[in-house]
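The block underneath contains the structure these notes are about, expressed in structure tokens.
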């Protein structure tokens, strides 16, 4: 009986360990994606920014209309790039995955052209598309 319980506990632990490892992996993946996205903003790489979204993605930005679809997302990011941000930092604090969707939360820090620093909190929903995490819902709010 004791050996049967030990086998069951070992099997259960084997199921739990990959879940924990997966959560860390998702955090690392989304953090890397967010860092690359921030670099693309500063570099003015509009194509990278637009292609990082799903085809039906939405941006929910403060004091802006809901922006959905890549055709609407492009001019949104063109206007951001034209404001010449000096630095953009996305600090991914939490992430979790459920099937082909994941989310990340954290802090956004933007240094504008006049060296003003603006801090926001973000919630991002990613969708797994062809093996890559793509932004599906992009939302932030000032702190």
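Every number in this text was worked out from the coordinates using simple rules, so none of it is lab data. The shown structure was predicted, so the numbers you read here are calculated from the model rather than taken from an experiment. All Cβ positions, glycine included, derive from the backbone under ideal geometry; neighbour counts span all protein chains shown.
Quick rundown of the values:
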item	result
Per-residue Cβ neighbour rank within 10 angstrom, fewest leading, 68, 58	68, 58
Residues residue 78 and residue 113, FRET efficiency given R0 of 22 Å [Cβ-Cβ distance, rounded to 0.05]	0.90
Taking the range 37-143 and dividing mean pair separation by its residue count, relative contact order in percent (alpha carbons under 8 Å, at least six apart)	26
Full-extension gain in nm, residue 105 to residue 91, via 0.36 nm per residue minus C-alpha separation	4.2 nm
Extension gain from residue 39 to residue 60, taking 0.36 nm per residue of separation minus the Cα-Cα distance	5.5 nm
